[in-house]
Amino acid sequence: MKPDKQQRITPRSVLIGSALIPISGFWITRSEMTTGVTEITSTSLLIGAVVILFVLVVANMGLERHAPHTAFSAAEMLTIYVMLTVGMSINGIGMFGFLTTALANPFWYATPENGWADFHQHIPSWLLPEGDAAI
């Protein structure tokens, strides 16, 4: 059975979600990394994605009133929200701030006592920075 037209992921929802990811990424980087004031991505419901979803819902209410054929369906709103949450969580302090710095740990903190150097051969060279200059 073919799904109802109103309940499908559409190219415009993917396009809008794709356009909002860099904007939200700039917002997160500015807020979390540069100023260090807020941690938008440190909550279970990503505040930034919820704020953008709220703005979209309010805009959609106007579209439903004045141009109902252009209003977003629930599936489109969900698509945009999911795209934003994934994009924001990757760009947030938890992923970008800690993961990228932790990539150097196997090499930087390797000592003869802890034996971390024994595992260097099992780490693909393309995955991590190698050498003190790169780190």
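Just a few scattered comments:
- Just one of the listed residues (Phe72, Phe98) is at pLDDT below 80 and not aliphatic (A, V, I, L, M), namely Phe98.
- Listed conditions (1) over 23 Å from Gly92 (Cβ atoms); (2) at pLDDT 80 or above; (3) assigned to a helix (DSSP H, G or I) are all met by Gln6, apart from (2).
- Residue among Thr29, Thr79 that alone is more than 30 Å from Leu128 (Cα to Cα) and assigned to a helix (DSSP H, G or I): Thr79
- Scope segment 79-117; condition over 28 Å from Ser18 (Cα atoms), out of contact with any helix residue (DSSP H, G or I) (no Cβ under 6 Å at 6 or more places or on another chain) and touching a residue at least 12 places away in the same chain (Cβ under 8 Å); matching residues: Ala104, Phe107, Trp108
- Residue selected from segment 44-82 under the condition closer than 15 Å to Ser24 by Cα and aromatic (Phe, Trp, Tyr), by the criterion most open to solvent (accessible area, probe 1.4 Å): Phe54
- Considering segment 19-34, the residues that are polar (S, T, N, Q) and closer than 13 Å to Ile93 by Cβ include one that is surrounded by the most Cβ atoms within 10 Å (Cβ to Cβ), namely Ser31.
- Across segment 83-119, the number of residues qualifying as surrounded by fewer than 14 Cβ atoms within 10 Å (Cβ to Cβ), of a type in the set (A, V, I, L, M) and farther than 12 Å from Ile28 by Cβ comes to 3.
- Sole exception among (1) closer than 30 Å to Arg8 by Cα; (2) exposed (fewer than 11 other Cβ atoms within 10 Å of the Cβ) for Leu127, by number: (1)
The values are calculated or read from the model by the stated rules, or taken from the named source; none is laboratory data. Not measured: the values here are computed from a predicted model. Cβ sites come from the backbone with ideal geometry, for glycine too, and all protein chains shown count toward neighbours. All accessible areas refer to the heavy atoms of the entire protein, side chains included, with ligands and DNA or RNA removed. Shrake-Rupley method; radii C 1.70, N 1.55, O 1.52, S 1.80 Å.
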